[in-house]
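Below is one structure, written out as structure tokens, with a few remarks after it.
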Amino acid sequence: MTRKERYEAFLEYFSEDQPQAETELHYENPYQLLVAVILSAQCTDKRVNIVTPALFEAFPTPEHLANSHFDEVLPYIKSISFMNNKTKHLLGMAKMLVENFNSEVPESVDDLQKMPGVGRKTANVIASVVYNQPTMAVDTHVFRVSKRLGLVNNNAKTPLEVEKTLIKHIPSEYVHVAHHWLILHGRYVCVARRPKCEECKITHMCKYFEKNKPLENQL
């Protein structure tokens, strides 16, 4: 199967099976999503969703968060990984949002990356989810699954390399949802240690399955 054929098979399956795939983070507006994505770095969406209701109630707007202090915010996210750094990031992000962007979450990936705690991956998530831009956030799931499926070469070393390859080959109208397809497939089926190939419905296009499963069946 050529790379072009793999992309065609990928798009055909997921556009029919999961046409409305979305983020599993809970949010009601762009500000809330930005907070949640910052918290989700090296932390599960499930844990973030447990923490954010009380956090959003206490700090419902960027102004509320910007006018708060470290010791006020930290208790709300104490069960989140890297809680100290993320508290500082949230405060810095909120202040910049209020002072530089009139309390509105910007659309531009470049503008988003100016804020504390917002790297390229987080900026791409916001641009994609909130503004439906054709940006591809590459987390560990996207990085792993895209290589296993053969959408990206195994010698791609960085998230940026993976991002550029996926953007090049996925039609722009599918990019924002393809991000979620890859994440959800990696989270629930193509897991890191023991991928659930017996449950997977796209093994016909998967390089990992092609190379590894015949060997396993011979054992």
Angle between the Cα long axis of helix 30-40 and the longest principal axis of the chain, 0 to 90 degrees, nearest 10?
70 degrees
Listed highest first by mean packing, meaning other Cβ atoms within 10 Å per residue, what order do 176-183, 148-155 come in?
176-183, 148-155
Note the angle between two axes, namely the Cα long axis of helix 3-17 and the longest principal axis of the Cα atoms of the chain, as a number of degrees from 0 to 90, rounded to the nearest 10.
60 degrees
With -39,500 (n - 2.57) per DSSP H segment of 4 or more residues and division by the full residue count of the chain, the 222 nm estimate, nearest 500 deg cm²/dmol, is -18000 deg cm²/dmol
Ignoring ligands, DNA and RNA, please state the percent of accessible area on region 56-188 from carbon and sulfur, probe 1.4 Å.
50 percent
Compute the helix-to-body angle for 120-129: its Cα long axis versus the longest principal axis of the chain, expressed 0 to 90° and rounded to tens.
90 degrees
Per residue solvent-accessible surface (Å²) - region 120-219, probe of 1.4 Å:
53 Å²
Taking every pair of Cα atoms in the chain, average 1/r, invert it to obtain the Kirkwood radius, and report Rg/Rh to two decimals.
1.02
Holding the Cα-Cα limit at 32 Å, pick out from LYS88/LYS201; LYS78/LYS114; LYS114/LYS164; LYS86/LYS211; LYS157/LYS211 the pairs that are longer than that.
LYS88/LYS201; LYS86/LYS211
One point scatterer per Cα, no solvent, Debye formula: log10 I(q)/I(0) for region 101-197 at q = 0.17, 0.18 Å⁻¹ comes out as -0.74, -0.81
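The values are calculated or read from the model by the stated rules, or taken from the named source; none is laboratory data. Here the structure is a predicted model, which means the values were calculated and not measured. All Cβ positions, even for glycine, are placed from backbone atoms using ideal geometry, and neighbour counts span all protein chains on display. The area values use the complete protein model at the heavy-atom level, side chains included, leaving out ligands, DNA and RNA. Shrake-Rupley method; radii C 1.70, N 1.55, O 1.52, S 1.80 Å.
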